[in-house]
1. Could you name the lysines whose alpha carbon sits less than 25 Å from that of LYS149, not counting residues in the same chain fewer than 8 places away?
2. How large is the dipole of the chain about the Cα centre if only Lys and Arg carry +1 and Asp and Glu carry -1, each at its Cβ, rounded to the nearest 20 debye?
3. Out of the chymotrypsin sites (Phe, Trp or Tyr not before Pro) in the stretch 141-173, which ones are loop residues according to DSSP with at most 13 other C-beta atoms within 10 Å?
4. Report the Cα centroid-to-centroid distance between the stretch 149-179 and the stretch 206-249 in angstrom, as an integer.
5. In terms of modelled amide H atoms, which long-range or inter-chain residues lie less than 5 Å from the amide H of GLY95?
6. Say the dipole of the stretch 160-254 comes from +1 at the beta carbon of Lys and Arg and -1 at that of Asp and Glu; which of LEU217, SER234, ALA196 then lies farthest toward its positive end?
7. Please list 50-63, 76-89 highest first by mean number of surrounding beta-carbon atoms within 10 Å per residue.
8. Check VAL132: other-chain or 5+ apart residues with amide H under 5 Å from its amide H, H built from backbone geometry?
Amino acid sequence: MSLIKTLLLLLAFLYFGIGTALYFFQRSFIYFPTLPMEFSGLSNVYRDHGDIRLQGHVANAEQSQLILYFGGNAEQIGSSLQELALHFPQYSVAGFHYRGYAGSNGEPSEQALISDALFLYEQMAKEYEKVVVMGRSLGSGVATQLASKRKVDALVLVTPFDSITAVAGKVYWFYPISWMITERYNSLAVANSITAPTLLLMAADDSVITADHSEKLLSGFTNGVATAVTIANSGHNSIADNSDYFVELKNFLR
């Protein structure tokens with residue numbers, strides 16, 4: 001009995017210890033800041049949001065249409081912007097590093113990233129006749145919140161989720177995640193307020209954001225607003241390597 005009690009106490013200690021670490025360090029599981037890099041064909045741009053300086057990149061700056069891109073949690077957005085600029089020369093393509101990423105200062109959080117996205121939209125949208133907002137993975141949560149609060153011409157969500165709470169709840173099913181998590185990015189809750197034509201691009205072999213999360217998000221849109229396409233032979237991080245990815249993007253934006 002003494003051995004059983006000891007084992008139970010040890011298990012309880014581990015359970016509460018790991019749970020405490022998950023709660024207090026949850027942002028380190030969500031945000032993976034990148035280091036500064038230079039990318040050919042892209043110009044560096046800066047926007048000051050209060051005392052926060054956000055660094056970004058822009059290509060094809062002279063165009064009258066804009067793709068405003070929000071990247072994944074550890075994504076070097078410059079690479080994605082280069083590809084978008086190559087495939088969409090009729091668009092200006094811009095993206096900014098999240099707080100704490102690359103050349104942007106500050107600390108990332110859901111509230112901060114959404115606030116920055118709204119600020120960037122207000123700063124840039126007035127310069128263009130058409131604005132397409134695009135978000136990948138974590139960026140899909142930012143882009144969805146932006147599109148629910150501002151009028152955009154089109155919305156593209158790549159490997160999107162319904163909420164981080166739901167994604168984390170499946171992984172850490174043995175914890176009361178809905179009580180613990182503070183970075184929720186609840187895209188499902190605001191999907192029905194979006195009126196812009198929306199495309200969801202899903203990876204057939206996505207083991208990070210599984211299909212049920214993207215399909216749940218799709219169900220939250222008003223009928224006729226959103227469509228979903230699954231890119232075959234692609235994973236969460238490789239979806240853009242499949243040529244069908246840009247074919248579907250071009251068909252949608254056309």
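1. Correct list for LYS149: LYS126, LYS130, LYS216.
2. With Lys and Arg at +1 and Asp and Glu at -1, about 540 debye.
3. Qualifying residues, ordered by number: TRP173.
4. 14 Å
5. Answer set, sorted by chain and number: HIS57, TYR69.
6. Positive-end residue among those listed: ALA196.
7. Ranking the peptides 50-63, 76-89 by packing returns 76-89, 50-63.
8. LEU66, ILE67, LEU68
The values are calculated or read from the model by the stated rules, or taken from the named source; none is laboratory data. This structure is a prediction, so every number in the text was calculated from the model and none was measured. All Cβ positions, even for glycine, are placed from backbone atoms using ideal geometry, and neighbour counts span all protein chains on display. Remember, those area values only see protein heavy atoms, side chains included, never the ligands or the DNA or RNA. Shrake-Rupley method; radii C 1.70, N 1.55, O 1.52, S 1.80 Å.
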